[in-house]
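Accompanying notes for the structure given below.
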Amino acid sequence: MLEDIVDTIDNIIAEHQVILGRFSELEAVSNDVTAVGAYDKARDMALASEEEQHLPRLQSTLEETNLKLKAHFDREDTVLLSGFEQHGNRKLLLAFRSLLSDHEEIRAQLVRVGESVSRLRAGGTSPGDWEERTKRMRTAITETRERLAAHASDEQDLLLKLRKEILGRRA
Ligand SMILES: [Fe+2]
Ligand SMILES: [Fe+2]
């Protein structure tokens, strides 16, 4: 049982790296999309190019990232929370509970990223409009990644403290 929660802690920490890596990939793909707008000022060319590769790739990377993050948050909201309830001191538990409230905000940010991608896919914009939209999308992705990285870092501190408590108590 104690091993289970220690395993969960280790998995969650490892997942932070994986999920943040997905966000870096999202940023890279969104850079490709932005580059299309910069090179092909004619909207038709940009549309042809993005339809071929970039926007669908962006959409699928986003969907994959969303699924991973949803499963990750769900485990933190349930298994990990109960780990803190059972094995953490009051201070740790309160700190972890307050961190969990970030999840709602990060989920909402991701919804906004999805909306900005959908707006791009909808097409029908002038080149200037296209640039503005890609810029907004890129900003939304970066802000979400930064928010998530800060959250994961704070979370990791608490997880390592809980891990130490559990293993120390057992020794
Ligand atoms: Fe979290
Ligand atoms: Fe996390």
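Any read-out appearing in this document is the output of simple, stated calculations on the displayed coordinates, not a laboratory observation. None of these values were measured; they are calculated from a predicted model. Positions of Cβ are generated from backbone atoms using ideal geometry, with glycine treated the same way; all protein chains shown enter the neighbour counts.
If I stretch the segment between Val79 and Glu3 completely, what's the gain in nm (0.36 nm per residue apart, minus their alpha carbon distance), one decimal?
Numbers: separation 76, 0.36 × 76 = 27.36 nm, distance 1.32 nm.
Net length gain for the segment: 26.0 nm.
Can you list the DSSP H helices in the chain whose Cα atoms extend at least 27 Å along the helix axis and whose mean Kyte-Doolittle hydropathy is 0.0 or higher? What comes out of the filter, once short or polar helices are dropped, is 2-39.
Each residue in Val113, Val33 was given a count of other beta-carbon atoms within 10 angstrom of its own, and listing them fewest first yields Val33, Val113.
What's the FRET efficiency of Val18 with Ser126 using the Cβ-Cβ distance as r and R₀ = 35 Å, to the nearest 0.05? Present the calculation step by step, with values, prior to reporting the outcome.
Working: r = 38 Å, r/R0 = 1.10.
About 0.35, to the nearest 0.05.
Electrostatic tally near Thr139: other residues with Cβ closer than 14 Å to its Cβ, Lys and Arg +1, Asp and Glu -1, net +2.
For the chain, a simple Cβ point-charge model (Lys and Arg +1, Asp and Glu -1, everything else neutral) yields a dipole of about 440 debye relative to the Cα centre. With 0.36 nm allotted per residue and the present C-alpha distance subtracted, the Arg169-Asn89 stretch has 27.6 nm of extension available.
Label separation (Asn11 vs Arg97): 2.5 nm, computed from points 7 Å beyond Cα along the C-beta direction. Toward the positive end of the charge dipole of the stretch 53-171, with +1 on the Cβ of Lys and Arg and -1 on the Cβ of Asp and Glu, the farthest Cα among Ile166, Gly114, Leu81 is that of Ile166. The simple spin-label model puts a point 7 Å past each Cα toward its Cβ; for Lys135 and Glu63 those points are separated by 3.0 nm.
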